[in-house]
Amino acid sequence: MLGDKAPGPDGFTGAFLKACWDIIKNDIMDAANAFHSLRTSNLQLINSASIILIPKKDGADAVGDFRPISLIHSFAKVIAKALVLRLQKYMHFIVSQCQTAFIKTRSIHDNFMAVKTAA
């Protein structure tokens, strides 16, 4: 996790997690192990996000003048990153060859080329 990204509703950034890892690692690992074991009875506590509107320009007053971002809890970011790193090498087996978006080595433009050559 990058240290300079926006904090979530919990107020913690990647920089905080890295700086305090020796102090908080046991708690984070216990929570990660509970998540892995599907002991998720309190998941609703972190399963939320705050949507913040960031102005694109000074004097923003119309909806189009803002960029929305979702701020999620740092623990959810840690779990998501761990899952991404573990599943990354299996994505080509999990995701159909027809799915081209959101796979690092594939491009959504490949669909256009496939349709163009088939026509």
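The values are calculated or read from the model by the stated rules, or taken from the named source; none is laboratory data. From a predicted model like this one, the values you see are computed outputs, not experimental measurements. Note that each Cβ is placed from the backbone with ideal geometry, even for glycine, and that neighbours are counted across all protein chains shown.
Restricting attention to the stretch 6-27, the residues being of a type in the set (Val, Ile, Thr) and within 20 Å of residue 71 (Cβ to Cβ) number 2. Tell me which residues, restricted to the stretch 64-88, are basic (Lys, Arg) and farther than 21 Å from residue 32 by Cα. Residue satisfying the conditions is 67 alone.
For the stretch 81-100, check the following and say yes or no: at least one residue is touching a residue at least 24 places away in the same chain (Cβ under 8 Å) and surrounded by 11 or more Cβ atoms within 10 Å (Cβ to Cβ). Scanning the stretch 81-100 turns up at least one residue that is touching a residue at least 24 places away in the same chain (Cβ under 8 Å) and surrounded by 11 or more Cβ atoms within 10 Å (Cβ to Cβ). Residues in the stretch 12-29 that are of a type in the set (Val, Ile, Thr) and either touching a residue at least 60 places away in the same chain (Cβ under 8 Å) or loosely packed, with under 10 Cβ neighbours inside 10 Å (or both): 13, 23. The requirement of being touching a residue at least 12 places away in the same chain (Cβ under 8 Å), surrounded by 11 or more Cβ atoms within 10 Å (Cβ to Cβ) and under 26 Å from residue 28 (Cα atoms) is satisfied by residue 49. Restricting the stretch 13-43 to residues that are farther than 17 Å from residue 80 by Cβ and polar (S, T, N, Q), the residue that is modelled with the highest pLDDT is 26. Checking 58, 30 one by one, the residue that is in a loop (DSSP other than H, G, I, E, B) and of a type outside the set (A, V, I, L, M, F, W, C) is 58 and no other.
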